[in-house]
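These notes are about the structure you will find just below.
The values are calculated or read from the model by the stated rules, or taken from the named source; none is laboratory data. Predicted, not measured: the structure shown is a model, and the values here were computed from it. FYI the Cβ positions are ideal-geometry reconstructions off the backbone, even for glycines, and counts take in every protein chain you see. Note: areas computed on protein heavy atoms with side chains; ligands, DNA, RNA excluded. Shrake-Rupley method; radii C 1.70, N 1.55, O 1.52, S 1.80 Å.
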Amino acid sequence: MAAISVPLLTLRSPQTNRPFPSFFNLNRPFSTSLSSNCSFNHLTVSNSSTFSNQAITETTTSDYSTINVQNDDALDTTLFVIRAKNRIGLLQIITRVFKVLGLTIQKAIVEFEGEFFVKKFFVSDSNGKKIEKTEHLEKIQKALMEAIDTGRVSPSVAVVSGRGVVVRKAGLNLGERKAKAEKMFGLMDGFLKNDAVSLQKDILDHVEFTVARSRFNFDDFEAYQALAHSVRDRLIERWHDTHQYFKKKDPKRLYFLSLEFLMGRSLTNSVINLGIQDQYADALSQLGFDYEVLAEQEGDAALGNGGLARLAACQMDSLATLDYPAWGYGLRYQYGLFRQIIVDGFQHEQPDFWLNFGNPWEIERVHVSYPVKFYGTVEEEVLNGKTCRVWIPAESVEAVAYDNPIPGYGTRNAINLRLWAAKPSDQYDMESYTTGDYINAIVNRQKAETISNVLYPDDRSYQGKELRLKQQYFFVSASLQDIIRRFKDLHNNFDEFPEKVALQINDTHPSIAIAEVMRVLVDEEHLDWSKAWGIACKIFSVTIHAVQPEALEKVPIDLLGSVLPRHLEIIYEINYCLMEELKKILGQDYDKLSRMSIIEEGAVKCIRMANLSLACCHTVNGVSRLHLETLKTRVFKDFYELWPQKFQFKTNGVTQRRWIVVSNPSLCSIISKWLGTEAWIRNVDLIAGLREYAEDPDLHAEWKNMKKVNKMRLAEYIETLTSVKVSLDAMFDVQIKRIHEYKRQLLNILGIIHRYDCIKNMDESDKRRVVPRVCIIGGKAAPGYEVAKKIIKLCHVVADKVNIDPDVGDLLKVVFIPDYNVSVAELVIPGTDLSQHLSTAGHEASGTGCMKFLMNGSLLLATADGSAVEIAEEIGAANMFLFGAKVDEVPALREKGTSLKGSLQFARVVRMVRDGHFGFKDYFKSLCDTVEEGKDFYLLGSDFASYLEAQAAADRAFVDQEKWTQMSILSTAGSGKFSSDRTIEEYAEQSWGIEPCKCPF
């Protein structure tokens, strides 16, 4: 029998870090710390029990668990001996009971007897003495009984003060309650004021009391922190009111599950949505600060990578603005997407310590935490005569909530984005401390916190895959515990669950939520399988962002079985039911059955997470019309033929509040002036009214001036960052997005080389007819993606040669913007004349980047891929520059293989790179090999001639500035469809079944 001693751990208030007073009554249910596999111990206490100095009083349960109390004369403390079945979390529950009761654990010993343990607690009152009175011991014993049985502390639990046990019932009498309520609301009867003096006082108060700086001596960053906290105060007002209103109305709520949220900066977006930007600017000006300078002090919250994550951020903004009752759930990564450092043209990655200087926008909820379990075994138990499968986890990690208020525009509603951080559970610390293993305690703490440490762990190794799976389950488990707890606050029948809860899976990363819901409903709530599955199928919908089948997520069965053994059993059961259903429909078509199975056979047996989602979700969403066709005809053809009613598309959108109002205030003013209203900021369909002024010379003049000012800002940024001075008269030609072969930045660079080669071979008279270009490229390559890193290096060596060539001058400049992120995009996009979107047709699911450029009046040079097809329908193909093979032409072109010949221009520019014209001949050899005949999978050679023609058409249009400006105005006027507001309204109506719930002012 092993015995371990437990030292006293003091329970402290999460708000003040002070010990709880003896009368404190913990409101948080203990059930949040209970294992789902607890046996139900029905303990009884005899009212006639007595507690003599020598006596041991025992209560026995039906499964032979016992609670004993001993007050031996030889002891200077009271001994409580608890024998029960071992399960994770019970030690934590018991110790919390003692602490909540105001008792001190002087010593604890834990002994193990097979599947049972014996826990001995030597306890004293707050004066360090034994607990003598029989009635006090009875109440303590009863509290322990209730906690072990239910996982909760009764509201009327007795607590211990220095003078012994004092019974305090929950709440106040009616008179006291009314008097205190009147006092409280008398102190809080108004909202924070937004006049200049009030704002200044709030800011200076935060300087002194939050930032802890003298109000007579603080710098720009400290002023930003104080400003952000004062804005957050106003967000919290709305946030509290909104959630109180949601609770009162009890509408059906959406819960948006996403592993990534690319939020960017929050300050300007928040003050604009609150409608108080001008007031803050005025208040700060009087204090001697510039609002825009302070806004630049904020770092980016880069908790995502690319379109999926930025889409999630836009959708949260739209959900708040449109008054939908919604929550977002994700992970609070310690390190966001890496910082990109360019050294000699090569990309290097540095950790993004985005939390180094704190995050004033989040609210740490240390009292909102849930245990998340991993590993262990699955056993059978008999409960009420029924055999049940019970998961006995081997590891527990605590998920702590960090809340981020998301304000809506033109409404009082502010919804919540709750991000989870991993912390070590008390179980870890208890077991380590009791054995005196301090080093193991530290190792366990570090191991637990690793789960939420880094965005996109390298999953090329088993350890990386394991961490990724643990991240997915960690955030899903914590979120579902939170969602179910909120549901149970108002409801006690899971038949109502689909009427109150909609769960949106953002891509397949959170798909393990389906198995987790089944585990909770079957194992913890004891619903039968068919009823639980019926509920799951009514609450889940999924959006698929992948285009290629090979991009769909798969989890090795050995890995899933190790980390989440019970979930693997559940997925096998789901798959068995699915296969039995399909056999009735498909008969002996084993090829199709194999393709549709959740289990993929092969050298490495895997779980297909997408197939799990399709088997359960009532709606499967594509992100553009073209993407849906790809899902229906190629990626999920078998599922579509079986369940065509499940498949829908909602073309992605971006929020005009971030991408016009925040990032391009000059354009915002022009639109509001010519439309005669600011209502378009909330109802973006009104922006189409610009079409009737598209030829107005006065609007043209204002539009050109706005574009020139934005280009000036961008030119200054480029010069500061790269020392390259660019001409404002040149066309600013931009491609900014993740570096990837299918996005074809290489096609862009090869086009730049062709332009450079042509200029070099022109005589002076021809050069005078050339449209000057500033070619801007930005984006990050994944750390292990060598081809993408070589594309970045090629861009730099071409820039090094072109930018100093006197034969070229200002006719061509090449710029690579390092560390591209949301804030950089907010600067680059408004200053762009031409935006390039070059993906091989059929490879871009939607492409939200082109929508941001479209809103800002940039002209698009694009393939007919993703949402570009729908953009062409909205603004007219004549107002953009389309090129390249269509989706239905791509397969045939690939089949030609080596017989597919590229143009002579393409062969020449590739030869220039291969022959070392720009240096690094050997380094670029493998890059050139990727576009050689027979290996050119992304069809750069096939599309090159068409690409050059589109570029020439852009040059001709740019020469005619009146035509170009008209096309630019029509682009902005046609962007209304591509607002995330429209996307969210379609989801709400067609997928989620939720309605607006507007908090009254």
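In the stretch 949-966, is there at least one residue being hydrophobic (A, V, I, L, M, F, W, C) and over 26 Å from residue 754 (Cα atoms)?
Checked the stretch 949-966: no residue is hydrophobic (A, V, I, L, M, F, W, C) and over 26 Å from residue 754 (Cα atoms).
Can residue 998 be described as in a loop (DSSP other than H, G, I, E, B), without any contact (Cβ under 8 Å) to a residue 24 or more places away in the chain and surrounded by fewer than 21 Cβ atoms within 10 Å (Cβ to Cβ)?
Numbers: in a loop (DSSP other than H, G, I, E, B): yes; without any contact (Cβ under 8 Å) to a residue 24 or more places away in the chain: no; surrounded by fewer than 21 Cβ atoms within 10 Å (Cβ to Cβ): yes.
It is false that residue 998 is in a loop (DSSP other than H, G, I, E, B), without any contact (Cβ under 8 Å) to a residue 24 or more places away in the chain and surrounded by fewer than 21 Cβ atoms within 10 Å (Cβ to Cβ).
Would it be correct to say that residue 560 is surrounded by 19 or more Cβ atoms within 10 Å (Cβ to Cβ) and closer than 23 Å to residue 618 by Cβ?
Working: surrounded by 19 or more Cβ atoms within 10 Å (Cβ to Cβ): yes; closer than 23 Å to residue 618 by Cβ: no.
In short, no.
In the stretch 712-743, which residues are touching a Leu at 6+ places or on another chain (Cβ under 9 Å), of a type in the set (D, E, K, R) and within 15 Å of residue 817 (Cα to Cα)?
713, 733
Looking at 951, 961 in this structure, which one is open to solvent by 50 Å² or more (accessible area, probe 1.4 Å), in contact (Cβ under 8 Å) with a residue 24 or more places away in the chain and in the same structural domain as residue 881 (by the TED database)? Break it down into steps so the answer makes sense when it comes.
Working: 951 fails: open to solvent by 50 Å² or more (accessible area, probe 1.4 Å).
Just one listed residue meets the conditions, 961.
So which residues in the stretch 776-792 are assigned to a helix (DSSP H, G or I), open to solvent by 10 Å² or more (accessible area, probe 1.4 Å) and within 13 Å of residue 348 (Cβ to Cβ)? If you could, list the steps in order and put the result at the bottom.
If we filter the stretch 776-792 for residues that are assigned to a helix (DSSP H, G or I), which is where we start, we get 786-792.
If we keep only those that are open to solvent by 10 Å² or more (accessible area, probe 1.4 Å) as well, we get 786-787, 789-790.
Result: 789, single match.
Which of the following residues is within 24 Å of residue 76 (Cβ to Cβ), out of contact with any Phe, Trp or Tyr (no Cβ under 6 Å at 6 or more places or on another chain), at pLDDT 65 or above and surrounded by 12 or more Cβ atoms within 10 Å (Cβ to Cβ): 102, 128?
102
For the list (1) among the hydrophobic types (A, V, I, L, M, F, W, C); (2) assigned to a strand (DSSP E or B); (3) modelled with pLDDT of 95 or more, I need the number of the one condition that residue 314 fails.
(2)
Would you pick out the residues in the stretch 499-509 that are touching a Lys or Arg at 6+ places or on another chain (Cβ under 7 Å) and open to solvent by less than 20 Å² (accessible area, probe 1.4 Å)?
Selection gives 501, 502.
Take the residues in the stretch 324-344 that are open to solvent by 10 Å² or more (accessible area, probe 1.4 Å) and under 15 Å from residue 242 (Cβ atoms); name whichever of them is nearest to the chain's Cα centre (by Cα).
327
Taking helices (runs of 4 or more DSSP H) that do not extend beyond the stretch 598-670, which have at least 3 residues that are crowded, with 20+ Cβ neighbours inside 10 Å? Can you show your working first?
On the way: elements: 609-616, 625-630, 637-642.
Qualifying helices (runs of 4 or more DSSP H): 609-616, 625-630.
Yes/no per residue for (1) of a type in the set (A, V, I, L, M); (2) more than 27 Å from the chain's Cα centre (by Cα):
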residue: 731; (1), (2): yes, yes
residue: 748; (1), (2): no, yes
residue: 753; (1), (2): yes, yes
residue: 757; (1), (2): no, yes
residue: 763; (1), (2): no, yes
residue: 778; (1), (2): no, no
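Which count do you get for residues in the stretch 276-305 that are closer than 18 Å to residue 653 by Cα and either hydroxyl-bearing (Ser, Thr, Tyr) or open to solvent by less than 20 Å² (accessible area, probe 1.4 Å) (or both)?
Step one: of the stretch 276-305, the residues closer than 18 Å to residue 653 by Cα are 304-305.
Filter again for either hydroxyl-bearing (Ser, Thr, Tyr) or open to solvent by less than 20 Å² (accessible area, probe 1.4 Å) (or both), leaving 304.
Number satisfying all stated conditions: 1.
For (1) out of contact with any strand residue (DSSP E or B) (no Cβ under 6 Å at 6 or more places or on another chain); (2) at pLDDT below 95; (3) of a type outside the set (Phe, Trp, Tyr), each residue gets a yes or a no:
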{"residue": "454", "(1), (2), (3)": "no, yes, yes"}
{"residue": "464", "(1), (2), (3)": "yes, yes, yes"}
{"residue": "478", "(1), (2), (3)": "no, no, yes"}
{"residue": "483", "(1), (2), (3)": "no, no, yes"}
{"residue": "489", "(1), (2), (3)": "yes, yes, yes"}
{"residue": "524", "(1), (2), (3)": "yes, yes, yes"}
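So which residues in the stretch 972-990 are small (Gly, Ala, Ser) and either part of a helix (DSSP H, G or I) or open to solvent by 10 Å² or more (accessible area, probe 1.4 Å) (or both), if there are any at all?
Answer for the stretch 972-990, where residues must be small (Gly, Ala, Ser) and either part of a helix (DSSP H, G or I) or open to solvent by 10 Å² or more (accessible area, probe 1.4 Å) (or both): 973, 976, 980, 988.
May I ask you to list the residues in the stretch 897-914 that are over 21 Å from residue 948 (Cβ atoms) and either open to solvent by 90 Å² or more (accessible area, probe 1.4 Å) or not small (Gly, Ala, Ser) (or both)?
898
Being under 13 Å from residue 321 (Cα atoms) and outside any helix (DSSP H, G or I) is the filter here; which residues of the stretch 671-686 pass it?
682, 683
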